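Below: one structure, written as structure tokens.
The values are calculated or read from the model by the stated rules, or taken from the named source; none is laboratory data. Everything numeric in this text was worked out from a predicted model, so none of it was measured. Cβ sites come from the backbone with ideal geometry, for glycine too, and all protein chains shown count toward neighbours. Surface accessibility is based on the protein's heavy atoms, side chains included, excluding ligands, DNA and RNA. Shrake-Rupley method; radii C 1.70, N 1.55, O 1.52, S 1.80 Å.
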Amino acid sequence: RLAAVANLLRAAQLQLDRGGDAGDTLRFANDELGTAQTELRELARGLHPVALSERGLRSAIESLIVGSEPSITLDVAAGELPDDVELATYFIVSESLTNARRYAGANSVRVRVDSADVATGTVDLALV
């Protein structure tokens, strides 16, 4: 789909260069781009981080902070958690770190993950 969008944009550019109207081509490219975005979101929901599968939650989160700015302190005390809880925790930490880097202007971030009740999969998560 993205290749199709690129081709449509090139076609629109040619139409404009020749003094033509590229409105229909651009509308079609926009529709294709919207479909591609939807498909990518659906694909991303189905992806599972390899680091989480192979090395566990702590290592997966550590892979998110390697060489990062601001300085990040990590405290993962969570024991064995259900797979879906680990996955949700990983994505919450990942998104939170992204937001802390982009929008918070923080000098440092502390991530604390603690399993409060392993039987129910309850996890305490704090970003300070």
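Some notes on this structure:
- Test for V76: is it at pLDDT 80 or above and within 16 Å of R58 (Cα to Cα): no
- Residues located in segment 1-30, provided they are among the small types (G, A, S) and assigned to a helix (DSSP H, G or I): A3, A4, A6, A11, A12, G23, A29
- With respect to the conditions (1) assigned to a helix (DSSP H, G or I); (2) among the hydrophobic types (A, V, I, L, M, F, W, C); (3) touching a Pro at 6+ places or on another chain (Cβ under 8 Å), A106 lacks only one, and its number is (1).
- The selection criterion, being open to solvent by less than 90 Å² (accessible area, probe 1.4 Å) and in a helix (DSSP H, G or I), holds for L33.
- Test: residue in segment 46-61 that is outside any loop (DSSP other than H, G, I, E, B), open to solvent by 40 Å² or more (accessible area, probe 1.4 Å) and over 25 Å from D114 (Cβ atoms): yes
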